[in-house]
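Taken together, the values in this text are just the output of simple stated rules run on the coordinates, not laboratory data. Just so it is clear, the model here is predicted, and its values are computed rather than measured. A quick note on method: Cβ atoms are made from the backbone with ideal geometry, for glycine too, and the neighbour counts reach across all protein chains shown.
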Amino acid sequence: MKKNIPFFLIIILLINCKESTKQSESIASEVVESERNSTWWKEGVLYQIYPQSFKDTDGDGFGDFRGVIEKLDYLESLGITMVWMNPFFESPLVDNGYDISDYRAIHPRYGTMEDFQEMLDGMKSRGIKFVLDVVVNHSSDEHEWFQSARSSRDSEYRDYYHWWPAEKGKPPHRHSLFDPEGGWDYVEETDSYYLHTFAEAQPDLNWENPKLRQEVYDIMKFWAEKGVDGFRMDAFQFASKDTTYPEFPEGHEKDFVKWYGMRPQLHEYLKEMYKEVIEPYNVFAVAEGAGSTFKDAHDLVDADRNELQTAYHFEYVDMSRTPERYELSEFKEVFTLWDKEFSENGWLAIFLSNHDNSRLVDRFGNPSPEFRTVSTQMLNTFLLSMRGTPYTYYGDELGMTNIDMPTIEEYVDIDAIGKYKTALAANEDVEEFMKVLNYSSRENSRTPMQWNDTDNAGFTSGMPWKKVNPNYKEINVAAQENNPNSVLNHFRKMVKLRKENEVLVYGDYQIIQQEHPEIYAYTRTLDNQKMLVLLNFTDQDSNISLPEVNSLNNTLINNYEALTINNNTITLKPYQAAIVSIKK
Ligand code: TEU
């Protein structure tokens, strides 16, 4: 029975749905506006978990999801609000998971999808957001896409990768970050070469192909629908390539990012990703690598670009890549320049260590038994009192150190092996090379987490995939848990101080006496709050004369008992770190 809907009713309905679309649009715009201005990822404290080294529960010597589940209360006790976990997907593990063969499947060594969901829900119930590692500059050469693409030039997945048909002759040289032979590898089946920025087992995906991009957005939606809160975009600055593959000049690889990164098209794809995933799913996204200029970084993260929320660049970690380490003057200059550049627009990560670099205390602190604790506390005070989202790498909340690996036979990392082959081919002094590798290799920061002083530091009941640092008897969670002056409890206190004082998040940063050779001093000011941060980067007492001394108020955190003040001069003990509020 067809009912006649009175005309005025139609009008009202129309008005309503107009209203409601206007409403949903305004809500959507409000959400976006509030989301864009929402600040959990600005005000948060991120903790990075290298899953295979965190906690093993099934005795296979590899960390797993149930191990993380077992340690959820520990994570909550740290006060951290975000967890970035390195890749745990199906993979032949040529690059420890940064070579994915199935983006929707969990590598069995980590557990099941049910374990993943329980871990994720366990974090959420503790107010911890989860950031997933998205490795889509390249896939594994065992991914079905590549298996099909390499087998036939007519494969529907052929254009998911970059190919150079052999009949065109040798492809123009491309540098590989992991393969001394270069960035092209020959495939007999299709008499052609494929491109790989990293290892030959990591063929680069063709982001110029809209079908491939849609595949990636669908993968991100798959995990967003499981409740993932954010994505770390691995090596994404390299994702877009000029598919005419022009010749690059001799020696171009010395300025790798300039020649291989940040092509204009990348921004089109990020805007597309924003529309397809980031905005509708209200998720956070951070890029690894921010180009080679401030503009590159702004173009990635400025709010009005509708691309990513944030990014991290390598200028901080690149400062101490050799045993000669770094100069405090350079350290202060780099952090002060980037803070100034991003004080109005854009938001970046603040970090000094991760799974691609050796340990924090060895590169920027002092790992000696005498100064390991205070220097790590000083560095954590620094990281958690700067503007930007602080990233802490598992174990740095304890002051875990590098592990001594003097011979190449001890290395399994494809990056280390590649660099060793390159050094041999270049007839470099192998002894000198090994000294630098022993100091800088990222394998130093992938040793099992040190939970207690039982066998294998309580990491596994089996044979650990990587030897536990012999100093685990001294450096472990259990030993530090009940020691108020431990690195662990200082870290907890510093996280709490940051979360309770927005001035340490958004406050204006002002460096003091930048020329001081031993002390890094700066203030953070927000509305009627001002704080003075004092950090001694040396193993000696050091003095600094400050007019602010007269208006010093409470000492909010200090890794020593007292702060020695004599008239206008403050004497800081070796690696002393203190934050003092200033009367405004
Ligand atoms: O690293 C990308 C990158 O450009 C650098 O981090 C560089 O490869 C690194 O410093 C080498 O020591 C990302 C991941 O963080 C890294 O673990 C992976 O090996 C790499 O991509 C390939 O996926």
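Brief remarks follow.
- Members of the stretch 282-296 that are more than 17 Å from residue 217 (Cα to Cα) and more than 15 Å from the ligand (Cβ to nearest atom): 293, 294, 295
- Selection of strands (runs of 3 or more DSSP E) fully inside the stretch 49-163 by the criterion of at least 2 residues being crowded, with 21+ Cβ neighbours inside 10 Å and aliphatic (A, V, I, L, M) returns 82-85, 129-134.
- Helices (runs of 4 or more DSSP H) wholly inside the stretch 253-338 containing at least 1 residues that are touching a His at 6+ places or on another chain (Cβ under 9 Å): 256-260, 294-301
- Residue match in the stretch 323-346 (condition: charged (D, E, K, R), more than 16 Å from the ligand (Cβ to nearest atom), closer than 26 Å to residue 238 by Cβ and crowded, with 21+ Cβ neighbours inside 10 Å): no
- Checklist (1) within 22 Å of residue 560 (Cα to Cα); (2) within 23 Å of the chain's Cα centre (by Cα); (3) surrounded by fewer than 18 Cβ atoms within 10 Å (Cβ to Cβ) applied to residue 482, failing item: (2)
- Residues of the stretch 324-367 that are hydroxyl-bearing (Ser, Thr, Tyr) and within 20 Å of residue 442 (Cα to Cα): 326, 353, 358.
- Checked against the criteria, residue 193 counts as part of a strand (DSSP E or B) and either touching an Asp or Glu at 6+ places or on another chain (Cβ under 9 Å) or buried (at least 20 other Cβ atoms within 10 Å of the Cβ) (or both).
- Residue in the stretch 176-184 that is in contact (Cβ under 8 Å) with a residue 12 or more places away in the chain, more than 16 Å from the ligand (Cβ to nearest atom) and aromatic (Phe, Trp, Tyr) present: yes
- Taking the stretch 445-519 and the helices (runs of 4 or more DSSP H) fully enclosed by it, the elements with 1 or more residues that are in contact with a Phe, Trp or Tyr (Cβ under 6 Å, 6 or more places away or on another chain) are at 477-481.
- Per-region count, the stretch 411-439, residues buried (at least 16 other Cβ atoms within 10 Å of the Cβ) and in a helix (DSSP H, G or I): 13
- Pairs, first more than 13 Å from residue 181 (Cα to Cα) in the stretch 409-420, second among the β-branched types (Val, Ile, Thr) and assigned to a helix (DSSP H, G or I), C-beta under 9 Å, six or more apart: 411/417; 416/408
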